[in-house]
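Everything below concerns the one structure shown next.
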Amino acid sequence: METVLRVADLRKLFPAKRSSLFKRKRQFIHAVDGVTFEVKKGETFGVVGESGCGKTTLARLILRLVEPTSGKVFFKDQDITSLNRSEMKRLRRQMQMIFQDPYSSLDPRKNILNIVAEPLRVHNIAKDGSIIKEKAQEALELVDLPTSESFLAKVPDELSGGERQRVGVARVLVLGAEFIVADEPVSMLDANVKAGVTSLMMGLKQKIGLTYIFITHEISLAYYICDRIAVMYLGKIVELGNAEEIINLPLHPYTRLLMEAVPPLHPDDKWGATISERGELPLFIEPPSGCRFHPRCSQARDICNTEEPPLVDRGDEHCSACHFF
Amino acid sequence: MSLLTVENLRTYYFTEKGSVKAVDGVSFSVDKGESLGIAGESGCGKSTVALSIMRLIKGGKVVQGNITLDGTPLLNMPIRDFRRIRWERISLVSQAAMGGLNPVYRIGDQIVEAITTHTKSKKREAWDRAEELLRQVEVDPSRARNYPHELSGGMRQRAMIAMALALNPELVIADEPTTALDVVTQAQVLKIMRGLQRERNVCMLLISHDLSILGQTCDRIIIMYAGKIVEMGDVQALFREPQHPYTKALLNSFPDIKSESRTLTGLPGRPPDLIDPPSGCRFHPRCPQVQDICKAKEPTMIEVVPKHYVACYQVQGAS
Amino acid sequence: MLKKSNLIEFWRVYKQRKTAVFGLVIVVLFVLAVILAPLLAPYDPYLRVGERFEPPSGEHLLGTNDIGNDVLSELIYGGRISLFVGFVASFIIVITGSVIGLVSGYLGGVIDEVLMRITDTVLALPRLPLMILMAAYLGPGIGTIIFVYCVVGWGTLARQVRSQVLSIKESTFVEASKAMGGGNIHIMANHILPNVMGIIIANAVIEVMFAILTEAGLSFLGLGDPTHKSWGVMLYFAQRQGAFIQQAWWVIFPPGMAIALIGCSFNFIGAALNDLFALKLGKR
């Protein structure tokens, strides 16, 4: 299967505010710190991690909404980091984003028709108002929303969170993009609405042939819909592989911690047996030495403090970045 | 032994477009030392129940109902007396009152304020107590000198729990206490809450849209929909054999790592308009098993199995 | 944005404020009156039609001024000048301030720095003394008044628009527009501008008020245009020609009341609009 996206040693550093006037050396936040992976056509690639792990920044790097500090992004074998403005604009027709917040990702002053049709206008596809409306209606149908005049005239305030997210999906489909980065698309929705929108996205994948990068902090959701998963921690990928394999046989201690933390749906099942009440995601600017996870790792040994473990294939394309697992 | 009883509570909000029947006939009780969960979608009224108990409703009022704490009726009590109940006997940990933490005061000061407004403690004493409370929620007591923005989300949440426990209340109401937290932090915070609750034998009313966490931290659960209770029972029984179609649909919306199948079914449609709710059973427009009687008459709560109550004709075998 | 239902909803909330409705009514009446000046004014305001300082009578409802012009006619025609200056000055300030605020806020970087330093300078200048100086230097005239007022007056609006733009710029829907390929012009025109229209309009109304008051003040000080008698110029002549001493209240009161009334009215409207738009923003 062809590779649609390839990310090579991608890095993004943000300058941190100087904590004191006297510190000479500039401090940086290592939001994304050397990430490499590939996404194949037609697959749903999950990026899982807690807040601060860099997944949001990664999403924006992939779509070049933010310039990388170093590293490259290849879309269909083309280096997108070297494209000029108009070339990049043309490319955006093929790669789109679904945003997390249904309440701020739609312009409150526009009606649904204008919101969904905006990509058509930006790219000057069809000047004729009726063709624009038709295309918008097609997109709305794909996401199971009404196509009536009265619905097209509504404003975001009049829709529920789930409906707004569907509008966000319609907006992405209207240009016929086949590669979609979904940044926590359902985390702000209620449980049953979540399920509905997620099912919709998966259904569309089958129907139209989409490739997704699905970013989430919920590993259980990733298991349900992703083919492969990358687990991120403090800017790096710590585990990468087939979704089923990772869930059934998590290698990296952080992945195991994430799995432990998910409340099981059966009250009988034990929850969080190894989770200690102490220890949290550090607010570090400069990451810890050696393996970034070692301060929280119950299995850490001396080498974890000094040497950073590389991401290594342990067999069957299941990779982990750990000295021992 | 009931500590808190809520009888036929009706709380409406008054808007220009009409009255929103946010809570419309809710009855339940919480036993001493018990942890009761209230689950439902946003807008189902669960937060309104909490605010009604605490008499913090704005833009509306409790139009009917009785709430008693250990036999003492709360709703008609003069507000001056009720203020002593608030925080001393019932306290609230709320996400929405994330203004529960004032950004311009240190954590320690805020806990101290809670203590000194209600008791005659001196500041020094109160500060010591604040540090002790932080220790109990697994936060380093020296952090009492920090401001809220200097703490992580999980620590802030734990500080709010410490504040809620400051006066040794008999009942703690927690409204979506972990919604904004990461999954690992959430697990930690809930572990602490459950631990403290058991240790001090405090009643806990835990409100959340996330059934999975309720399943792990509560003894009993209430499922609410559109201002009414649709199912109520022991956590084990409800999860193993949910009765109400809504409960079943809700459970199916949660991804379960342990299950074999990898499909998620949602519930189509959206929650009803509470100004003009549907006739009969409020769930009928979305119910996959709707019958004629459901549209006509509202079902009453019936004990189908000991201590397991459901409001649904389907379950009660009505024709 | 200009949907019928939006306007209806807007009016419903607006008319809840009695002061705002009052203000609107007054402004509408005044505007109609000055437009229909030829029909309403009994005389040509520049013609001698009576004796000096004649008190109000059947022939001259508001009496005559120091050179025998009919005060009522002066008032109505004077309104044309005052309102004209107010609207034009406000218009120029709104356009200038909005464009600067928009460009500065959205593009950021060096452009923002430069524009904001200029704005800061303009804001720091003592407005009234500077206006007086410039007007004295440039000589009397409507153009002068409008010019000097606009030169020193666009700073506040520029700052307000810029801060609004800064916050909207960070919205996810702006990011979404970029993600689909929207360029700067597209985003500024389609997303930023519609969302700042609210405060621009509210400010525009208040600027009209300030402009009218300032014109009145400058004219009163003698910097106005005596060949185009605005209310302020009327007061100038009244003062110079001894109306106060002679207790010819009919020459002083009408223009004074007119200025005060129109000022209040625009203020009420502007305040109401400000609140309404603030409410809308707060809802989000």
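A short reminder: the numbers here are calculations on the coordinates, not readings from a lab. Small disclaimer: the values here were computed from a predicted structure and weren't measured. Because the Cβ atoms are built from the backbone with ideal geometry, glycine has one as well, and the counts that use them run over all protein chains shown.
Values for this structure:
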quantity: Members of A:LYS89/A:LYS205; B:LYS58/C:LYS15; A:LYS270/B:LYS122; A:LYS207/B:LYS21 lying beyond 32 Å, as alpha-carbon distances in this model show; calculated: A:LYS270/B:LYS122; A:LYS207/B:LYS21
quantity: Pair C:PHE87, C:SER167: separation of 7 Å Cα→Cβ label points (nm); calculated: 3.2
quantity: Antiparallel content of DSSP bridges confined to the protein assembly as shown, in %, to 5; calculated: 60
quantity: Cα gyration tensor, the protein assembly as shown - rounded (a/c under 1.5), prolate or oblate; calculated: prolate
quantity: Where labels lie 7 Å past Cα in the beta-carbon direction, separation of C:LEU138 and A:GLN78 in nm; calculated: 5.4
quantity: Segment A:108-176: translational diffusion in µm²/s, Stokes-Einstein, Kirkwood Rh over Cα pairs, 25 °C, 0.890 mPa s; calculated: 210
quantity: Magnitude of the charge dipole, segment A:108-176, Cβ model with Lys/Arg +1 and Asp/Glu -1, debye to 20; calculated: 280
quantity: Local electrostatic count at A:ASP79 - Lys and Arg +1, Asp and Glu -1, tallied over other residues with Cβ under 10 Å; calculated: +1
quantity: Calculated FRET value between B:ASN8 and B:ASP31, using beta carbons and R₀ = 25 Å, to 0.05; calculated: 0.85
quantity: Nonlocal amide H pairs with B:TYR225, under 5 Å, H built at 1.01 Å; calculated: B:VAL230
quantity: Protection proxy ranking, peptides A:54-62, C:248-256, C:235-243, average beta carbon neighbours within 10 Å, highest first; calculated: A:54-62, C:248-256, C:235-243
quantity: Beta bridges by DSSP in chain B, antiparallel share as percent, to the nearest 5; calculated: 60
quantity: Packing rank of A:82-90, A:193-201, where each peptide gets the mean count of other beta carbons within 10 Å, highest leading; calculated: A:193-201, A:82-90
quantity: Between 0 and 90°, nearest 10: helix B:107-118 axis offset from chain B longest Cα axis; calculated: 80
quantity: Taking segment A:108-176 and dividing mean pair separation by its residue count, relative contact order in percent (alpha carbons under 8 Å, at least six apart); calculated: 50
quantity: Where Cα atoms sit under 29 Å apart: lysine pairs in segment C:166-284 separated by 8 or more or lying on different chains; calculated: 5
quantity: Integer Hz, Karplus 6.51/-1.76/1.60 couplings in order for segment B:25-37, x for Gly and Pro; calculated: x, 10, 9, 6, 9, 10, 7, 4, x, 9, 10, 10, x
quantity: Point-to-point label distance, C:ILE111-C:LEU32, nm (Cα→Cβ direction, 7 Å offset); calculated: 4.5
quantity: For chain C, the longest site-free run once GluC sites (Glu not before Pro) in DSSP loop states with at most 16 other Cβ atoms within 10 Å are removed; calculated: C:171-284
quantity: Helical segments meeting 27 Å axial Cα length and Kyte-Doolittle 0.0 threshold in chain C (DSSP H); calculated: C:71-107, C:193-218, C:249-283
quantity: Dipole of segment A:108-176, positive end: most advanced residue of A:ASN124, A:ALA153, A:ALA136 [Cβ charges, Cα centre]; calculated: A:ASN124
quantity: Per-residue [θ]222 nm for the protein assembly as shown (sum of -39500 (n - 2.57) over DSSP H runs n ≥ 4, rounded to 500); calculated: -13500 deg cm²/dmol
quantity: Mean projection area, nm², convex hull over Cα of segment A:173-325; calculated: 11.3
quantity: Contact order relative to length of chain A, as percent, for alpha carbon pairs under 8 angstrom and 6 or more apart; calculated: 20
quantity: Among beta bridges that DSSP assigns inside segment B:59-217, antiparallel share in %, nearest 5; calculated: 15
